[in-house]
1. Among the residues of segment 41-66 satisfying the criterion of being in a strand (DSSP E or B) and within 18 Å of the chain's Cα centre (by Cα), which is surrounded by the most Cβ atoms within 10 Å (Cβ to Cβ)?
2. Just the residues that are under 15 Å from Pro119 (Cα atoms) and in contact (Cβ under 8 Å) with a residue 40 or more places away in the chain, please, taken from segment 15-39.
3. Output the residues belonging to segment 43-70 that are aliphatic (A, V, I, L, M) and under 21 Å from Gln12 (Cα atoms).
Amino acid sequence: MLAIQPSSSPKQITPNILPAKIHHNGPIPTPKRYWNPQPQSTSPNEQEVYFRGRKLLGQKIPLPEKYEGVVLQKTDKTLPVQKKDEDGDGEDEEDVEVKIMEQNGKFSEIVVLGHEVVPGEEDDYQKGIEEWVGFAEAIHAYDTPTNNTT
């Protein structure tokens, strides 16, 4: 199991989904000289940027209202295991280790980039966000009946 521990001041960020495979996972120092997305004149939600000489066009995709994205980092910390009271039913429950993830950032939109074209509605990431939100809404809307046995 995982527990999320907010950091003292999570940064507001905007993740960029690049149309490339980069063998690195994490932040890098990026001078404005190398990564400086510019808004398109045709649409404020579209951006243009160059990565290693290749033109990339991006589309800002806002997360739905009431949703927030977070950037988490693994830690070696775990929550202390709480001792369970003996209730006399004879059932033994295993203690579950709860690892702590630290929240380093938060975001309310992402930018999906494409090679010289703006990703459209059929983009896998955009569809994925919409499908995930629909799935989450369905889970939270499901109401389980309560068992009242007396």
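1. Gln59
2. Asn16, Ile17, Leu18, Pro19 - these are the residues of segment 15-39 that are under 15 Å from Pro119 (Cα atoms) and in contact (Cβ under 8 Å) with a residue 40 or more places away in the chain.
3. The answer is Val49, Ile61, Leu63, Val70.
Laboratory data are not the source of any read-out in this text; all were calculated from the coordinates shown. No experiment lies behind these values; they were computed from the predicted model shown. Counting neighbours? That spans all protein chains shown, and the Cβs are built from the backbone with ideal geometry, glycine included.
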